[in-house]
Every structure is written in structure tokens, then in C-alpha cells.
Amino acid sequence: MTAPVTRIDAIRYARHERNAAANFTTPVDDHDLPMPLDYFVWAIHRDGHPPVIVDTGFGDAAAAARGRTMIRPVIEGLRDAGIDHLAVEDVILTHLHYDHAGSLGLFPNAKFHVQDAELAFATSRQVCDAPTRAPFDGEPVAELVRKLYADRVVFHDGDEEFAPGIVLRLAHGHTAGLMLVCCETARGTVVLASDAAHLYANITRKLPFPIFVDEADYRRAQERALELAGGSLDHLIPGHDPLVLACFPAKDDIARVDLPPHTAISETQ
Ligand SMILES: [Zn+2]
Ligand SMILES: [Zn+2]
């Protein structure tokens, strides 16, 4: 029997040059060495269905405002992966940070899937605190609320089957309602971890990324992501790691993460 998920693309659209110190909650020995972030959206393919898009990325305005380098607009990345954005019916928003939920307008025919806790938090009094607010942009959150009133938002509460072969699992800590997307592929379960782990190093060093609503929950979220990946780094796809393009079969800044990596991730750590 073929696996329900036939292909998963990790489509890179932006990059941020930075040093290691910016990527961990506590000081690290290699703090002054370069450790850039890549920015991705993901596409999950199944036979007989349009692809499910995971996260929507950001556009030029957010890139300029936050000093990120656009590699190519998300819409072009989708096109390069052979995906017609107008045919997309479902978009999973792992969480609502600016870099994951910023281009909702690209999908005029889609429903947007989000955890109850995520949208509740992003529209709550917590946002009055400037540092808490910083990784969110108001306009995409407002746009999601407008889509809610247009019957285009689907809420999820904790762990839920999204479709055969695709399971959503709550892994809060980085945000109040971050969800992992677990996909059944020919090589087993592949966990799209999003910002439950920005980098493989966040997991191997057991040090989360320094943006969180609850640090202890964030550690547990990282552990949960690895557990769901069967303890295998090769089966866990972090939200921002350049190793994804370096280690998995890739072309045009698009990595096939349903396939096994050609270089084991454990060899890079
Ligand atoms: Zn985030
Ligand atoms: Zn992110």
C-alpha cells in the first residue's frame, strides 16, 4: 500500500544572517559564529487532492521592516514547486508569528487552520506587552480575523487528525498554540516541527530558541517533536535550519523532505 503522503516540499523563500548567540536561550560557546536562519513554507502532497500548504511566509514589506533577505516571493516558490496557489483549499498555520502567517492573501480559495489557543493569544491582552507582541504583525492577525468572519477559518483544539496521513499535534511553548504537522510518508512519519525547533541544534543542545511564552513548555515541545519523529533527527524538519536544503535532496531551493536525507543529520551535529 502506498503511503498517504506522497511528497513534502520545504520551499525556502528568505534568509537572515546572524550569529549563534541569537538562536539559543542561554549563552553558547560558539556564540560569535555565523548561524543563519532560512525561512520556509511547506507543501504536503497526496494523490487525488490539492496540496496542503503549511504556513504562508511573509512578503517584501515585512522583510524590509525586519531586515530579512527575500530570496524569492512565496508565490514564486510555490510556482517553482509546481503548485497553483489558486487551487489550494487548505492552509495549516502552525502559529501566527509574522514569518509563518504573513501572506494569507495568496490563497483566496483556501480555509485556514489554526489552534484555538493561538488565535486567542494573538488577540488577547498578552499582545499589549511589546516584547510579546514583537514576533507578530498586526495586519496578518487582523486578516485572519476577517477570514474568520467570512467562514474561512477552521479551529483545532489540541491533537487532531487533519486528513488521512496528516495529524496536527499541539506543541505549545514557543507560542500558545503552535502545532506540529505529522505526515505519513513512504519512509515513516515525518514531523514538520515549524518553530518547535528552529534548528536541529536547538534539539541536540536541548536549548530552545529565545522566543517563547513558556520556556519549560518549549523544552517539552522540542522533546515531543523528536519523540513523534521516532527519535530520529532525519524525520524531524525544523522551521528555519539551512541544513534542510543542505542534507535533503533539493533543487531550486526546494527540499524533498519526504525522501531520506543524503547526509544524515546526526553527522552534522
Ligand atoms: Zn515563531
Ligand atoms: Zn519562525
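Values quoted throughout were computed directly from the atomic coordinates according to the rules given, and no laboratory measurement underlies them. Fair warning: this is a prediction, and the values are worked out from it, not measured in the lab. Glycine also receives a Cβ, built like all others from the backbone with ideal geometry; neighbour counts cover every protein chain displayed.
Quick notes
- Karplus-derived HN-Hα couplings along segment 249-266 (A = 6.51, B = -1.76, C = 1.60, θ = phi - 60°), whole Hz, x at Gly and Pro: x, 9, 8, 6, 6, 10, 9, 8, 8, 6, 8, x, x, 7, 10, 4, 4, 4
- Prolate/oblate/rounded call for segment 206-260, Cα gyration tensor, a/c under 1.5 rounded: oblate
- Contact order relative to length of segment 112-200, as percent, for alpha carbon pairs under 8 angstrom and 6 or more apart: 25
- Our coupling estimate for segment 234-239, obtained by passing each phi through the Karplus curve with A = 6.51, B = -1.76, C = 1.60 and θ = phi - 60°, is 5, 9, 10, 10, x, x Hz, Gly and Pro reported as x.
- Nonlocal amide H pairs with Arg18, under 5 Å, H built at 1.01 Å: Met35, Leu37
- Binned Cα-Cα distance frequencies in the chain - 5 Å width, integer %: 1, 6, 14, 19, 22, 19, 12, 5, 2, 0, 0
- Highest average first, the peptides 142-149, 231-238 ordered by how many other beta carbon atoms sit within 10 Å of their residues are 231-238, 142-149.
- Within segment 7-244, antiparallel bridges make up roughly 70 percent of the DSSP beta bridges whose residues both belong there.
- Full-stretch length increase - Asp29, Arg125 - with 0.36 nm per residue and alpha-carbon distance subtracted: 30.8 nm
- Most mobile of Ala197, Ala20, Ala65 in a GNM of the chain (Cα contacts under 10 Å): Ala65
- Where a label projected 7 Å from the Cα of Ala65 along Cα→Cβ would reach, residues of segment 88-113 with amide N under 14 Å: 97-104
- Applied to segment 161-175, the Karplus parametrisation 6.51 cos²θ - 1.76 cosθ + 1.60 on θ = phi - 60° returns per-residue 3J(HN,Hα) values of 6, 8, 6, x, x, 10, 10, 9, 9, 5, 9, 6, x, 4, 10 Hz, with x for Gly and Pro.
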